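To start, the structure itself, in structure tokens.
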Amino acid sequence: MDYMILKEASAKWGVTPRWINYFCSGGRIPGPVKMGMVWLISKSV
């Protein structure tokens, strides 16, 4: 499975990386994986 980081997701969706971080920790994005301090988001989302 291919993943993208917050910066790539924010460019794709037009919001700041901080909002993506809130969405991941709040469960609003399906299936994010946290590796250490970094959220990995499926590219298929």
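The values are calculated or read from the model by the stated rules, or taken from the named source; none is laboratory data. Not measured: the values here are computed from a predicted model. As a convention, Cβ positions derive from the backbone with ideal geometry for all residues, glycine included, and neighbour counts pool all protein chains shown.
Of the residues making up the range 7-24, just one is under 9 Å from the mean Cα position of the chain (by Cα) and either modelled with pLDDT under 95 or of a type in the set (K, R) (or both), namely K7.
Here S44 meets each of (1) modelled with pLDDT under 95; (2) among the hydroxyl-bearing types (S, T, Y); (3) in contact with a strand residue (DSSP E or B) (Cβ under 9 Å, 6 or more places away or on another chain) with one exception, condition (3). Scan the range 17-37 for residues that are free of Cβ contacts under 8 Å to residues at least 12 places away in the same chain and touching a helix residue (DSSP H, G or I) at 6+ places or on another chain (Cβ under 6 Å) and the total you get is 2.
Each residue in the range 8-45 was checked for being loosely packed, with under 11 Cβ neighbours inside 10 Å, not in a strand (DSSP E or B) and not polar (S, T, N, Q), and 7 pass.
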